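Visitor: Quick one: structure below, then a few questions.
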Protein chains: 2
Amino acid sequence: MALRVQKYGGTSVANIERINNVADRVQKAYDQGDKVVVVLSAMSGVTDSLISLAKQASKTPDKRELDVLLATGEQTTAALLAMILKSRGYKAKSFLGFQAGIQTDKTSGKARIQEIDGKSIRQSLEKGYIAVVAGFQGADENGDITTLGRGGSDTSAVAIASSLKADVCEIFTDVDGVYTTDPRICSNARKINRISYEEMLEMAILGAKVLQIRSVEFAKKYNVPVHVRSSFNEEEGTMVVNESADMESAVVSGITCDMNEARITLRKVPDQPGVSAKIFMPLAEAEIGVDMIIQNTRSGGETDLTFTVTKDDFERAKEISQKVGKEVGATEILTAEEDIAKVSVIGLGMKSHSGVAATMFQALASENINIRLISTSEIRISCIILAKYAELAVRTLHSAFGLDQKK
Amino acid sequence: MALRVQKYGGTSVANIERINNVADRVQKAYDQGDKVVVVLSAMSGVTDSLISLAKQASKTPDKRELDVLLATGEQTTAALLAMILKSRGYKAKSFLGFQAGIQTDKTSGKARIQEIDGKSIRQSLEKGYIAVVAGFQGADENGDITTLGRGGSDTSAVAIASSLKADVCEIFTDVDGVYTTDPRICSNARKINRISYEEMLEMAILGAKVLQIRSVEFAKKYNVPVHVRSSFNEEEGTMVVNESADMESAVVSGITCDMNEARITLRKVPDQPGVSAKIFMPLAEAEIGVDMIIQNTRSGGETDLTFTVTKDDFERAKEISQKVGKEVGATEILTAEEDIAKVSVIGLGMKSHSGVAATMFQALASENINIRLISTSEIRISCIILAKYAELAVRTLHSAFGLDQKK
């Protein structure tokens with residue numbers, strides 16, 4: 001008998017038939033004696049429809065109200081699954097974020113979970129209920145509805161698993177697990193059986209959409225075993241766990257490609273102390289995360305400043321940049337949303353192997369792909385390139401690091 | 001400077017363009033110095049779509065979960081209006097039922113408001129906010145989401161108006177006000193300028209869909225002046241107020257027609273003491289309201305029992321009736337959902353005028369319309385007839401009581 005938290009993504013609950021399939025799985029776990037907490041996303045496409053509705057209402061929708069609107073998506077699926085389970089004779093009960101005790105900070109649109117009061121869910125489980133939790137949402141200390149950002153249901157699930165000390169947090173999705181790279185781009189991509197939190201974190205940060213970044217951080221911090229697997233078959237997927245000796249010992253574990261960044265360039269910024277702070281403070285205050293920054297000093301005491309933000313933040317970042325750009329005396333603000341991609345190689349082995357960067361740059365150069373920006377971490381190297389080379393770069397790197405070969 | 005509660009129905013918020021029109025009206029009231037609380041329904045059609053989704057999930061959807069699902073409709077419109085008002089530079093904030101302090105009992109699907117803690121809304125108004133409240137919903141003492149039944153947003157609005165001691169509760173709808181009868185059935189129907197709570201209550205109970213019954217009960221109990229008016233023009237509508245000397249002194253104020261009842265007949269029920277209780281107690285326990293009851297004693301110690309329920313409750317009432325019918329030994333249960341209509345005449349003047357019933361029966365007889373069941377109150381007479389005669393009956397009665405004539 002185990003306590004399992006199962007999270008099902010948007011494609012797994014896309015319609016009533018699929019929600020019935022989810023109910024089959026939940027039922028099976030329950031029938032074999034497990035306690036089950038189910039965390040659901042909105043039906044696939046619903047969150048996007050709601051965002052587009054909001055954009056019809058307002059060009060830059062108020063973030064507090066957007067959260068109130070978006071939260072309806074998960075509320076819908078949670079209620080539907082609970083209904084189905086009850087109509088099959090099971091004890092089941094839906095929990096909205098605030099009812100599940102998920103307390104967050106006040107950052108609308110990408111709130112962070114501060115605390116989970118798992119009491120209500122625990123009591124329900126003890127009474128034999130299946131707890132069906134609306135993912136992606138919580139409430140701040142004032143009781144205002146908040147949402148956790150794209151993929152936030154993963155974080156809801158891992159956080160609940162951690163608070164309940166669950167035996168496993170199963171993330172059911174529309175892929176079989178975590179792959180060495182995106183199989184839609186590279187047909188030689190292989191499923192990874194076990195991956196460390198650290199590698200998974202880098203892969204999530206870099207655009208492997210299978211898990212939300214914060215969910216991996218949470219899992220790492222509280223040591224929650226996460227099982228990423230398909231909701232459409234019974235195969236084992238990928239276990240995301242602590243680094244261990246028996247882990248696949250590749251130097252590079254995976255290649256990622258992130259098309260979700262947009263670039264902003266401020267031209268001819270006066271090259272004075274404090275200018276960067278003047279530019280980046282307002283972005284930080286607006287809670288816009290800046291990823292890569294590059295600065296090229298020009299002649300004549302001027303500098304060009306380029307940085308990247310996620311496309312979600314692009315509109316607001318642009319507005320702020322134009323304002324502060326004018327204030328600091330930049331002559332021109334160039335923005336380009338669509339034309340860049342970030343390809344990255346990730347692997348724990350990098351810590352002990354040198355030459356990974358050289359291999360990467362060499363592989364890209366062999367295809368005449370120009371590198372615009374580079375950033376690195378202990379277990380990752382990322383390059384910004386033109387978007388049109390993205391797929392070619394991924395396939396080239398996948399093969400250059402020997403990931404194509406079956407082990 | 002007044003405190004106004006404005007409620008907008010489903011057709012008034014049917015799409016973003018119309019919600020923008022609502023914002024225009026709200027803005028106008030706010031700009032002239034009034035404090036405004038807006039209560040919204042779901043977009044027209046949305047509640048029905050959600051119910052049909054629920055019925056795909058389960059033939060008889062669990063009521064607690066149905067409430068969780070339905071509540072998303074008003075959550076959506078409240079968030080959208082608040083967004084629009086904010087994007088126009090106004091201070092605005094959405095409130096879900098529980099955030100607005102609307103505490104109800106636990107009767108899922110048709111919960112009753114027990115208490116309103118208006119503190120949050122009042123504080124927001126004092127800070128210059130426009131409060132946008134999701135109608136139709138509340139929460140019980142456990143924090144479970146509840147809904148107030150069809151048209152429940154009217155009740156939300158009146159209840160909030162009463163708790164805030166608002167100067168007026170304006171119900172904006174797709175008609176110009178309360179009519180002597182349904183203008184779609186009878187082209188001679190006239191708008192009523194002022195009507196008493198009592199008459200309005202009877203008309204609402206009897207199917208005049210312009211106001212939810214409980215909202216009128218609430219308005220009557222707490223003496224809330226209600227102004228029913230069109231959201232598509234600036235005309236004065238109908239004031240619903242305390243009975244007063246200057247009220248239009250017609251014997252009959254209006255004719256209603258309710259097609260929303262279904263009939264259940266239990267044949268050959270043993271004619272023994274306690275049998276009726278055995279039949280109606282389980283219905284009461286299931287919170288199914290029974291409207292009219294008729295009992296015909298047959299020979300041989302048996303009796304036929306006919307009663308009506310709303311079509312919403314029909315499926316459940318049928319199940320229960322079949323079960324208890326078998327238990328008490330009824331030989332046959334006949335049910336008919338579609339074929340009946342209840343036509344009623346309403347008027348405060350009936351208290352002091354005799355002959356209204358006779359005129360009504362005479363008028364129906366003149367068109368050869370057979371009366372199946374009759375029920376009366378101090379200010380109302382209702383007859384159940386075959387549905388196919390409904391429109392004819394309404395027109396005949398409207399003319400027989402002189403409502404056609406302009407005053």
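The values are calculated or read from the model by the stated rules, or taken from the named source; none is laboratory data. Note that this is a predicted model, so its numbers are computed, not measured. Reconstructed Cβ throughout: ideal geometry from the backbone, glycine too, with neighbour counts over all protein chains shown. Protein only, heavy atoms only, side chains kept; ligands, DNA and RNA dropped before computing areas. Shrake-Rupley method; radii C 1.70, N 1.55, O 1.52, S 1.80 Å.
Visitor: Keeping every protein chain present and rolling a 1.4 Å probe, give me the accessible area per residue for the stretch B:1-68 in Å². Numbers along the way, then the final one.
Guide: On the way: 2740 Å² over 68 residues.
Dividing the accessible area of the stretch B:1-68 by its residue count gives 40 Å².
Visitor: Leaving out ligands, DNA and RNA but keeping every protein chain, what accessible area does A:GLU302 have, in Å² rounded to the nearest 10, with a 1.4 Å probe?
Guide: Probe radius 1.4 Å; accessible area of A:GLU302 about 60 Å².
Visitor: Distance in whole Å from the B-onto-A rotation axis to the closest C-beta of chain B, together with the residue it belongs to, please.
Guide: Of all Cβ atoms in chain B, the one nearest the axis gives B:THR72, 2.
Visitor: In Å and on Cα atoms, what radius of gyration and Dmax does the protein assembly as shown show?
Guide: 32.2, 113
Visitor: Between A:ARG112, A:ARG88, A:ARG380, where does the largest GNM mean-square fluctuation fall for chain A, given springs only between Cα atoms within less than 10 Å?
Guide: Its mean-square fluctuation being the largest, the pick is A:ARG88.
Visitor: OK, next. Spin-label point model (7 Å from Cα, Cβ direction): what's the B:HIS353 to A:SER276 distance in nm?
Guide: Taking the simple label geometry, B:HIS353 and A:SER276 are separated by 8.8 nm.
Visitor: Another one. What's the FRET efficiency of B:LYS55 with A:ARG298 using the Cβ-Cβ distance as r and R₀ = 45 Å, to the nearest 0.05?
Guide: Approximately 0.10, to the nearest 0.05.
Visitor: Using the Cα centre of chain A as origin and beta-carbon charges of +1 (Lys, Arg) and -1 (Asp, Glu), tell me which of A:MET360, A:PHE314, A:THR72 is placed farthest towards the positive end of the dipole.
Guide: Of A:MET360, A:PHE314, A:THR72, it is A:THR72.
Visitor: Relative to the other copies, what are the label-point distances for A:ILE294, with labels 7 Å from Cα along the C-beta vector, expressed in nm at one decimal and sorted shortest first?
Guide: Between copies, matching label points for A:ILE294 lie 8.6 nm apart.
Visitor: Same structure, new question: In peptide A:373-384, what is the residue-averaged number of other protein chain Cβ atoms found within 10 Å of each Cβ?
Guide: Per residue, the average neighbour count from other chains is 0.
Visitor: If the label for A:SER377 sits 7 angstrom from Cα along the Cα-to-Cβ line, what are its distances to the same label in every other copy, in nm to one decimal, shortest first?
Guide: 6.8
Visitor: For the stretch B:61-174, would you read off the P(r) tail past 21 Å as a percentage of all alpha carbon pairs?
Guide: When every Cα pair of the stretch B:61-174 is considered, 34 percent fall beyond 21 Å.
Visitor: While we're looking at this one, here's another question. Return the calculated 222 nm mean residue ellipticity for chain A, to the nearest 500 deg cm²/dmol, obtained by summing -39500 (n - 2.57) across DSSP H runs with n ≥ 4 and dividing by the residue count.
Guide: -11000 deg cm²/dmol, from helical runs alone.
Visitor: For the stretch B:244-407, give the magnitude of the charge dipole about the Cα centre (Cβ charges: +1 Lys/Arg, -1 Asp/Glu; no others), in debye to the nearest 20.
Guide: Charge dipole of the stretch B:244-407: 340 debye, to the nearest 20.
Visitor: For the stretch A:179-222, which trypsin sites (Lys or Arg not before Pro) are in a loop by DSSP, counting at most 13 other Cβ atoms within 10 Å?
Guide: Listed in order of number, the matching sites are A:ARG184.
Visitor: Express in Å², to the nearest 10, the accessible area of A:HIS398 obtained by rolling a 1.4 Å probe over the protein heavy atoms while all chains stay in place.
Guide: About 0 Å², rounded to the nearest 10.
Visitor: Per residue of B:9-21, what is the mean number of Cβ atoms on other protein chains within 10 angstrom of that residue's Cβ?
Guide: Counting other chains' Cβ atoms within 10 Å and averaging over B:9-21 gives 1.
Visitor: Residues of the stretch A:80-114 losing 50 Å² or more of accessible area relative to the isolated chain, 1.4 Å probe, heavy atoms only?
Guide: So the qualifying set is A:MET83, A:PHE98, A:GLN99.
Visitor: Sum up the charges of everything whose Cβ sits under 13 Å from the Cβ of A:ALA159, counting Lys and Arg as +1 and Asp and Glu as -1, but leave A:ALA159 out.
Guide: With Lys, Arg at +1 and Asp, Glu at -1, the net is +2.
Visitor: Here's something else I'd like to know. At a probe radius of 1.4 Å, what is the per-residue accessible area of B:PHE307, in Å² to the nearest 10?
Guide: Counting only protein heavy atoms, the figure is 0 Å².
Visitor: Further, regarding this structure: What total accessible area, in Å², is buried where chains B and A meet, using a 1.4 Å probe and rounding to the nearest 100?
Guide: Answer for the B-A pair: about 2800 Å² buried.
Visitor: Compute the Cα gyration tensor for chain A, then decide on rounded, prolate or oblate, letting a ≥ b ≥ c be the square roots of its eigenvalues: rounded whenever a/c is under 1.5, prolate when a/b is larger than b/c in the other cases, and oblate in all that remain.
Guide: Oblate shape, in that a/c is at least 1.5 and b/c is the bigger or equal ratio.
Visitor: Please list, or write none, the aspartates and glutamates whose alpha carbon is within less than 17 Å of the alpha carbon of B:LYS268, excluding same-chain residues fewer than 8 places away.
Guide: By straight Cα distance, B:LYS268 reaches B:GLU302, B:ASP304, B:GLU327, B:GLU332.
Visitor: I'd like the carbon and sulfur percentage of the solvent accessible area for the stretch A:3-174, probe radius 1.4 Å, heavy atoms only, ligands and nucleic acids excluded.
Guide: C and S atoms contribute 43 percent here.
Visitor: Okay, moving on. What translational diffusion coefficient, to the nearest whole µm²/s, does the stretch A:1-150 have by Stokes-Einstein, given a Kirkwood radius computed over alpha-carbon pairs, a temperature of 4 °C and 1.567 mPa s viscosity?
Guide: D = 83 µm²/s.
Visitor: While we're here: Who wins for biggest fluctuation among A:VAL68, A:VAL224, A:VAL394 in a Gaussian network model of chain A, springs between alpha carbons below 10 Å?
Guide: A:VAL68
Visitor: Given the pairs A:LYS55/B:LYS221; A:LYS110/B:LYS55; A:LYS7/A:LYS63; A:LYS106/A:LYS318; A:LYS209/B:LYS86, which span a C-alpha to C-alpha distance of over 31 angstrom in this model? If you can, show how the numbers build up before the last one.
Guide: On the way: A:LYS55/B:LYS221 42 Å; A:LYS110/B:LYS55 34 Å; A:LYS7/A:LYS63 26 Å; A:LYS106/A:LYS318 23 Å; A:LYS209/B:LYS86 33 Å.
Beyond 31 Å between Cα atoms: A:LYS55/B:LYS221; A:LYS110/B:LYS55; A:LYS209/B:LYS86.
Visitor: Would you please classify the overall shape of the stretch B:205-304 from the alpha carbon gyration tensor, given that a ≥ b ≥ c denote the square roots of the eigenvalues, rounded means a/c under 1.5, and beyond that prolate means a/b larger than b/c while oblate covers the rest?
Guide: Verdict is prolate for the stretch B:205-304.
Visitor: How large is the convex hull of the C-alpha atoms of the stretch A:99-147 per residue, in Å³?
Guide: 59
Visitor: Oh, and also: Accessible area per residue for the stretch A:192-244 in Å², computed with a 1.4 Å probe and the full protein assembly in place, what is it? Let's see the in-between values first.
Guide: Numbers: 2220 Å² over 53 residues.
About 42 Å² of surface per residue is accessible.
Visitor: GNM, chain B, Cα, under 10 Å: largest mean-square fluctuation among B:VAL210, B:VAL328, B:VAL178?
Guide: Result for chain B, Cα springs under 10 Å: B:VAL328 fluctuates most.
Visitor: Another question about this same structure. Just checking the output field for B:67-74: average partner chain Cβ neighbours within 10 Å of each residue's Cβ?
Guide: Rounded to a whole number, the mean comes out at 5.
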